[in-house]
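Read the figures in this text as sums done on the coordinates, not as results from a lab. Bear in mind that the values here come from a model prediction, so they are computed numbers and not experimental data. Here the Cβ positions follow ideal geometry from the backbone for every residue, glycine too, while neighbour counts run over all protein chains shown.
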């Protein structure tokens, strides 16, 4: 089961993760008592200063688990942010998703309360108001993928005066984070990889553009296949997706018979995430085993889609075959 991050700034409902496949079986150290955005968020943007910040004494390379010294003296009441290693990747903006490894500890005691390095899986999370502590939201904006960033977060831009009891964080604790930004994603993100030949003329042909614009879908004038089809259009080199995973994607869907588009993240200009256990069987089965970074075309027969009960107002008729192009940006 995917572990919830202690960085989420909303309470037990976990608004930003509610659609992502989490359930009540998450481990006991999940942040179910995290403060709400109104309790833990600042009324106005913080002043950002250079320090003070404790020394990183070991694990000083990007992607290495760091060891951080205990804070010396009084921490700043402002948000202290330092780029320890400067990357050259995509610049992070508010509302982007970031993929990052991180370690967090308490300034006064150097007690580590959370780190992703030991779990071996980076966090993928949106830098959105109410979805993450403000220290991250403001501290990472403007930084580039490939960077290591160190942040000192006072309670005002962390968990507020009530702290986070499950993590052992008091309401007066200043927190220190070391964050390795591996990647960033937004509405312009696309698959990246090797183009795969689309030789079967009986199947839809999908565009291979990687400029963040919606790829074309050309549906042949033929009867749709009776079975599920899930093929690479662009094959990435990331980890394979499991049936239990939550994924971050760009997608577009059309009806086979008419070629009419009925849904698209491109039209909304907002990428989305969801758990594969929460979608129609054709999506779950079609994406399982595919690599992160890829674009795939999925042809879903009615029995693995909406059958005779399509969503009201969707423009999908009963017993329709659906065609999707899906860019798998990340696993969450």
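Each label point is 7 Å from the Cα along the Cα-to-Cβ direction; what then is the distance between the points at residue 202 and residue 95, in nm?
4.4 nm
If I stretch the segment between residue 260 and residue 57 completely, what's the gain in nm (0.36 nm per residue apart, minus their alpha carbon distance), one decimal?
Result: 67.3 nm gained on full extension.
How high is the relative contact order of segment 194-331, in percent, counting Cα pairs under 8 Å that sit 6 or more residues apart?
30 percent
Round to the nearest 0.05 the FRET efficiency obtained for residue 65 and residue 277 when R0 = 30 Å and r is the Cβ-Cβ distance. Write down the numbers at each step before the final one.
Working: r = 31 Å, r/R0 = 1.03.
For R0 = 30 Å, the calculated efficiency reads 0.45.
Once both labels are modelled 7 Å past Cα along the beta-carbon direction, what's the residue 211-residue 223 spacing in nm?
Going by the 7 Å Cα→Cβ label model, 3.9 nm.
Say R0 is 35 Å: what FRET efficiency, to the nearest 0.05, do residue 83 and residue 161 get from their beta-carbon distance?
Once the sixth-power term is evaluated, E becomes 0.75.
May I ask you to derive the FRET efficiency for residue 192 and residue 319 from their Cβ-Cβ distance with R0 = 30 Å, giving the value to the nearest 0.05?
My answer for the efficiency is 0.25.
How high is the relative contact order of the chain? Use alpha-carbon pairs under 8 Å, at least six apart in sequence, and give a whole percent.
Once normalised by length, the contact order is 17 percent.
Highest first, please rank the peptides 305-315, 177-187, 50-60 by the mean number of other Cβ atoms sitting within 10 Å of their residues.
Values: 305-315: 12.8, 177-187: 22.6, 50-60: 14.7.
Top to bottom by mean Cβ count within 10 Å: 177-187, 50-60, 305-315.
Among 115-124, 227-236, how do they line up by average Cβ neighbours within 10 Å per residue, starting with the highest?
Numbers: 115-124: 16.1, 227-236: 18.5.
Top to bottom by mean Cβ count within 10 Å: 227-236, 115-124.
What order do you get for 265-275, 153-163, 193-203 when each peptide is scored by the mean count of other beta carbon atoms within 10 Å, highest first?
Answer by packing, highest mean first, reads 153-163, 265-275, 193-203.
For residue 285 and residue 268, compute 0.36 nm times the residue count separating them, minus their Cα-Cα distance, and round to one decimal in nm.
On the way: separation 17, 0.36 × 17 = 6.12 nm, distance 2.53 nm.
Fully extending the segment from residue 285 to residue 268 adds 3.6 nm.
For the chain, give me the percentage of DSSP beta bridges that are antiparallel, rounded to the nearest 5 percent.
95 percent
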